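Nothing in this text is a laboratory measurement; each read-out follows from the coordinates by a stated rule. This one's a predicted model, so the numbers in the text were calculated from it and none came from an experiment. Here Cβ is always computed from backbone atoms with ideal geometry, including for glycine, and neighbour counts include all displayed protein chains.
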Amino acid sequence: MNASKDMVISGFKIPKDTHIMANFWAIDNDPNLWENPSEFRPQRFLSEDLKTFKKLEHLIPFSYGKRSCPGEGLGVVEVFLYLSSLLQKYDIKANHKTDQKLEYEFHFSITAKHNPNGNTNRGIDHKL
């Protein structure tokens with residue numbers, strides 16, 4: 001997405017035609033939007049009675065705008081059918097004997113679409 005005109009956002013000058021990318025990691029890990037964002041808590045997406053899903057405005061797993069994933073509807077239905085069939089056939093129980101925390105590392109990478117020099121260095125990878 002490119003800026004359609006010169007503008008100032010939160011004190012930053014954005015010239016017209018500047019390429020803009022959304023930082024989904026920052027949205028997904030913002031403590032102002034999510035209580036304890038680094039904790040794995042799937043119940044945060046359920047209603048109080050745990051029977052229906054909440055549609056949260058800041059939950060954007062399929063991107064947004066005109067470039068959002070056209071397969072979102074199909075993906076949601078497929079995951080539902082897959083999990084439903086697993087739950088029908090298996091008795092799934094949690095192993096309460098372990099107390100392991102999930103840890104992750106976030107990397108940001110930029111790769112050239114076209115590499116005219118034939119250089120084998122395919123991109124920049126930064127560990128955050």
Integer Hz, Karplus 6.51/-1.76/1.60 couplings in order for the stretch 63-70, x for Gly and Pro: 6, 8, x, 5, 9, 5, 5, x
The stretch 1-79: chymotrypsin sites (Phe, Trp or Tyr not before Pro) in DSSP loop, at most 14 other beta carbons within 10 Å: 40, 62, 64
DSSP-loop trypsin sites (Lys or Arg not before Pro) across the stretch 1-52, with at most 15 other Cβ within 10 angstrom: 5, 16, 51
For the stretch 21-27, 3J(HN,Hα) per residue [Karplus equation, 6.51 cos²θ - 1.76 cosθ + 1.60, θ = phi - 60°, Hz, x = Gly/Pro]: 10, 6, 9, 5, 4, 5, 5
Gained length - residue 29 relative to residue 9, 0.36 nm times residue gap less alpha-carbon distance: 5.1 nm
Amide H within-cut-off set for residue 14, under 5 Å, with H built and near neighbours excluded: 7, 8, 9
The stretch 7-95: C-alpha gyration tensor shape, a/c 1.5 cut-off, then a/b vs b/c: prolate
Under Karplus coefficients 6.51, -1.76 and 1.60, residue-wise ³J(HN,Hα) of the stretch 71-86 in Hz, glycine/proline x: x, 4, x, 5, x, 5, 5, 4, 5, 4, 5, 4, 5, 4, 5, 5
